[in-house]
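The values are calculated or read from the model by the stated rules, or taken from the named source; none is laboratory data. The shown structure was predicted, so the numbers you read here are calculated from the model rather than taken from an experiment. Here the Cβ positions follow ideal geometry from the backbone for every residue, glycine too, while neighbour counts run over all protein chains shown.
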Amino acid sequence: MPIKAILTDIEGTTSAVSFVFDVLFPYAARHLPGFVRQHATRADVAEQLDAVRLDSAEPGADVERVIEILLGWIAEDRKATPLKALQGMVWEQGYQAGQLKGHVYPDAVQALQDWHRQGLQLYVYSSGSIQAQKLIFGCSEAGDLSGLFNGYFDTTSGPKREAQSYQRITQAIGLHAEEILFLSDIVQELEAAHQAGMKTCGLAREGGELEGHVTVESFAHIEPEAF
């Protein structure tokens, strides 16, 4: 079956890992405490603070203790859904203030634009929240790229290294798994997508090979019709 949709990872694939770890995470760590203190009673923020209390088994934690927990999760790169949601809210303020611009590799921008023109459906699957994904592409250094995408998936669809997550995404997209090409720089993610029936292509921007999968150094070398 020909490829009809492309599902792409962000970190290390469309965008530099360093952007997330050297720009976004430090920005969130600096601004999250003040954001939480200021907006703790706002419904969407309060919901995530309660989720932090639940996840950490500290139902009585006050706001300062919740902030402490969140900063600990940031330091250890915990893939916690409430943390991702709160980080997304903080980043949104940064993007709106012009303090942040999403990094997307030029070769990724060009390929995504070409594929969109060719009628391929484009989706994102990242451990960052859907909100954070939309901000990276919507407020990118290359301008607003959000119009290229048909949808976004995050850890609410399941862990990225489990085949069941890709099965859920396949159902949500509404295509056969073999009509979807998944792009990532992580072998375990590619394996999980392959187990779910998707076609896969690995990105190794510094060279090398992601064993068991077609591997390229740039989006410019990806030809969906070849899969």
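What's the number of the condition VAL52 fails, among (1) more than 20 Å from SER127 (Cβ to Cβ); (2) touching a residue at least 12 places away in the same chain (Cβ under 8 Å); (3) surrounded by 14 or more Cβ atoms within 10 Å (Cβ to Cβ); (4) out of contact with any Ser or Thr (no Cβ under 9 Å at 6 or more places or on another chain)? Just one mismatch for VAL52, condition (1). Taking the condition over 25 Å from ALA85 (Cα atoms), surrounded by fewer than 18 Cβ atoms within 10 Å (Cβ to Cβ) and either touching a helix residue (DSSP H, G or I) at 6+ places or on another chain (Cβ under 6 Å) or not assigned by TED's automatic domain parsing to the domain that holds ALA85 (or both), does GLY147 pass? Criteria not met by GLY147. Select the helices (runs of 4 or more DSSP H) contained entirely in the stretch 1-118, then report the ones holding at least 1 residues which are in contact with a Lys or Arg (Cβ under 8 Å, 6 or more places away or on another chain) and closer than 30 Å to ALA226 by Cβ. By residue number, no helices (runs of 4 or more DSSP H) qualify. The condition (being touching a Phe, Trp or Tyr at 6+ places or on another chain (Cβ under 8 Å), in a helix (DSSP H, G or I) and either touching a residue at least 24 places away in the same chain (Cβ under 8 Å) or under 18 Å from PRO106 (Cα atoms) (or both)) is satisfied by just one residue among ALA172, ALA193: ALA193. Scanning the stretch 175-190 for residues that are in a loop (DSSP other than H, G, I, E, B) and crowded, with 16+ Cβ neighbours inside 10 Å yields a total of 3. If you check ARG30, ARG65 for being closer than 22 Å to LEU135 by Cα, out of contact with any strand residue (DSSP E or B) (no Cβ under 9 Å at 6 or more places or on another chain), outside the structural domain of GLU141 (by TED's automatic domain parsing) and without any contact (Cβ under 8 Å) to a residue 12 or more places away in the chain, only one passes: ARG30. Residues that are touching a residue at least 24 places away in the same chain (Cβ under 8 Å) and closer than 13 Å to PHE182 by Cβ were ranked within the stretch 213-227; the one that is farthest from the chain's Cα centre (by Cα) is PHE227.
Residue-by-condition table, conditions (1) in contact with a strand residue (DSSP E or B) (Cβ under 7 Å, 6 or more places away or on another chain); (2) hydrophobic (A, V, I, L, M, F, W, C):
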| residue | (1), (2) |
| --- | --- |
| GLY102 | yes, no |
| LEU120 | yes, yes |
| PHE137 | yes, yes |
| ARG161 | no, no |
